[in-house]
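To keep things clear, I will list the structure first and then write my remarks on it.
The values are calculated or read from the model by the stated rules, or taken from the named source; none is laboratory data. As the structure is a prediction and not an experimental result, all values here were calculated from the model. Don't worry about glycine lacking a Cβ; one is built from the backbone with ideal geometry, like all the others, and counts go over all protein chains shown. Accessible surface is based on the protein model in full, side chains and every heavy atom, while ligands, DNA and RNA are left aside. Shrake-Rupley method; radii C 1.70, N 1.55, O 1.52, S 1.80 Å.
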Amino acid sequence: MKSIKKIEEDIYYLGGADRRIQLFENVYPVPEGVTYNSYLVKDDKTALLDTVDCAIADEFFENLAAALEGKPLDYVIVNHMEPDHAATLGRLLAAYPQAVLVTTQKALVIVEEFFGAISNQVMLVKEGDRLSLGKRTFRFILAPMVHWPEVMMTYEEYGQILFSADAFGSFGASDACLFAKDEDFSEYRRYYCNIVGKYGAPVSSVLKKASALPIAMLCPLHGKIWKGNFDKLLEKYVAWSSYAPEDKGVLIVYASVYGHTKCAAELLASLLAERGVTVRIYDVSKTHPSYLIAEAFRFSHIVCASITYNAGIFVNMEHFLSDLKAHGLKNRTCAVIENGGWAPASGKLMQELLSSVGTVLPQTVTLRGALKESAPVEALAEAIAETV
Ligand code: FEO
């Protein structure tokens, strides 16, 4: 069954959806699946931009053969070698031995790591190199660490199309529409912050290069294609890559076993809401860390409330905070609430982990068991409200 979508004269979408997948990269829940995007350009010569994950290999090869309509495949351009886009590259090169592999030296090393020596001819490209197919000409733009070191983007000059690799992608495959329209950015944010969030500086430098180009269409490797109207998406990328909060507001994450720490977190949330502050509150044991990381990138303030557990931080909170630190988030205002019946210890440890994320307010709330007086929580709410 062939399902080929023409997105522009001579350009075909050959990607597809994986809705059976539970965990992207075996860690991130994708309740609405994910797409793996691949594009075929048919000009005087033909070129395929990236392949797909093994999960949709058979439909991809069937669609490619049908879309070529008997023409040879002249070039295979590899923008990114991560297997969600390149697991089928070895099979593709074997099936199309005349196709020239167009890639960078760094990517070629990874091609050989995955597939061994390949027999197809290779065209190594560098920043600014061009490849003409006839009417359409590609220009190659290196994009290291967006999200692996070998990544490049390919700009098609005639149609002003940026094939942007992982950048500008999103989780989700439930909306059958190929083109972006009235997007809710939450799954773009969760995708970017978790997958690429650590590499803000390289993303910023690629955004500067891209901003010098006239762009009519953005074709990422996941999610939807953007035909214009991407100012808001670019705005989000500028904020995410510079670690600037998108919204003034407070993310409260709590770890509670018997409800007392939760009670303090809920009181803080109510007091902040009464002061007109936007609040989002989550149980760290209920919500997957990838959603919390995305909310931490979104908001200006982060409050972590945790019981003391094994003389340390509760295990799920420790996981979240280590993950947050690993993603390199900065420029936030943070605070902690600790609880510990006989030896509260989680506060100091949370402060240490949060110190790389931003300024930690000194108004730590310490509970011993149940919340007995509201004054310390009120003082914390006041201190936070003054800085939001
Ligand atoms: Fe979608 Fe970095 O691969």
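Look at the stretch 1-56 and say how many of its residues are within 13 Å of the ligand (Cβ to nearest atom), assigned to a loop (DSSP other than H, G, I, E, B) and open to solvent by less than 20 Å² (accessible area, probe 1.4 Å).
7
Regarding Glu266, is this residue of a type in the set (Asp, Glu) and not assigned by TED's automatic domain parsing to the domain that holds Leu23?
Details: of a type in the set (Asp, Glu): yes; not assigned by TED's automatic domain parsing to the domain that holds Leu23: yes.
When the stated conditions are applied, Glu266 passes them.
Name every residue in the stretch 127-146 that is part of a strand (DSSP E or B) and hydrophobic (A, V, I, L, M, F, W, C), in order of residue number. Steps first, please.
Step one: filter the stretch 127-146 for residues part of a strand (DSSP E or B), giving 130-132, 137-142.
Passing the criteria: Leu131, Phe138, Phe140, Ile141, Leu142.
Does Pro149 satisfy the condition of being within 16 Å of the ligand (Cβ to nearest atom), in a loop (DSSP other than H, G, I, E, B) and open to solvent by 30 Å² or more (accessible area, probe 1.4 Å)?
Numbers: within 16 Å of the ligand (Cβ to nearest atom): yes; in a loop (DSSP other than H, G, I, E, B): yes; open to solvent by 30 Å² or more (accessible area, probe 1.4 Å): yes.
Criteria met by Pro149.
Taking the conditions exactly as written (within 27 Å of the chain's Cα centre (by Cα), farther than 22 Å from Phe24 by Cβ and among the hydrophobic types (A, V, I, L, M, F, W, C)), does Val78 satisfy them or not? Please lay out each step first, then the result.
On the way: within 27 Å of the chain's Cα centre (by Cα): yes; farther than 22 Å from Phe24 by Cβ: no; among the hydrophobic types (A, V, I, L, M, F, W, C): yes.
In short, no.
I'm checking my understanding of the structure. Among residues of the stretch 180-199 that are more than 8 Å from the chain's Cα centre (by Cα) and surrounded by 15 or more Cβ atoms within 10 Å (Cβ to Cβ), which one is nearest to the ligand (Cβ to nearest atom)?
So the first thing to find is which residues in the stretch 180-199 are more than 8 Å from the chain's Cα centre (by Cα), and the list is 180-187, 198-199.
Of the ones still in play, those that are also surrounded by 15 or more Cβ atoms within 10 Å (Cβ to Cβ) are 180, 183, 185-187, 198-199.
On the way: Ala180: 17, Glu183: 18, Phe185: 18, Ser186: 18, Glu187: 14, Lys198: 12, Tyr199: 11 Å.
Selected residue: Tyr199.
Would you confirm whether or not the stretch 27-38 contains a residue that is more than 17 Å from the chain's Cα centre (by Cα) and at pLDDT 95 or above?
Of the residues in the stretch 27-38, the ones more than 17 Å from the chain's Cα centre (by Cα) are 38.
Keeping just the survivors that are at pLDDT 95 or above gives 38.
So far as the stretch 27-38 goes, yes, one or more of its residues are more than 17 Å from the chain's Cα centre (by Cα) and at pLDDT 95 or above.
If you check Ala165, Ala216, which single one turns out to be within 16 Å of the ligand (Cβ to nearest atom) and at pLDDT 95 or above?
Numbers: Ala216 fails: within 16 Å of the ligand (Cβ to nearest atom).
None of the other options fit; the residue is Ala165.
Residues Ala239, Ala269, Ala176, Ala265: which one is open to solvent by less than 40 Å² (accessible area, probe 1.4 Å) and more than 18 Å from Val303 (Cα to Cα)?
Details: Ala269 fails: more than 18 Å from Val303 (Cα to Cα); Ala176 fails: open to solvent by less than 40 Å² (accessible area, probe 1.4 Å); Ala265 fails: more than 18 Å from Val303 (Cα to Cα).
Criteria check complete, one pass: Ala239.
Quick one: count up the residues across the stretch 207-223 that are touching a residue at least 40 places away in the same chain (Cβ under 8 Å) and either open to solvent by 40 Å² or more (accessible area, probe 1.4 Å) or over 15 Å from the mean Cα position of the chain (by Cα) (or both). Before the answer, list the steps.
Of the stretch 207-223, the ones touching a residue at least 40 places away in the same chain (Cβ under 8 Å) are 209-210, 213-223.
Retained after the next criterion (residues that are either open to solvent by 40 Å² or more (accessible area, probe 1.4 Å) or over 15 Å from the mean Cα position of the chain (by Cα) (or both)): 209-210, 213-219.
So the answer is 9.
Could you look through the stretch 70-96, keep only residues that are part of a loop (DSSP other than H, G, I, E, B) and over 23 Å from Cys219 (Cα atoms), and pick out the one that is farthest from the ligand (Cβ to nearest atom)?
The selected residue is Gly70.
Restricting to the stretch 135-146, and then to whatever is closer than 26 Å to Glu25 by Cβ and β-branched (Val, Ile, Thr), can you tell me which residue is nearest to the ligand (Cβ to nearest atom)?
Val146
Scanning the stretch 97-126 for residues that are crowded, with 19+ Cβ neighbours inside 10 Å and assigned to a loop (DSSP other than H, G, I, E, B), which turns out nearest to the ligand (Cβ to nearest atom)?
For the stretch 97-126, the residue satisfying everything is Thr104.
Could you check Glu156 against (1) open to solvent by less than 10 Å² (accessible area, probe 1.4 Å); (2) within 29 Å of Ala296 (Cα to Cα); (3) of a type outside the set (A, V, I, L, M) and say which number it fails?
(2)
Ala165 fails exactly one of the following numbered conditions: (1) without any contact (Cβ under 8 Å) to a residue 12 or more places away in the chain; (2) in contact with a Pro (Cβ under 8 Å, 6 or more places away or on another chain). What is the number of that condition?
(1)
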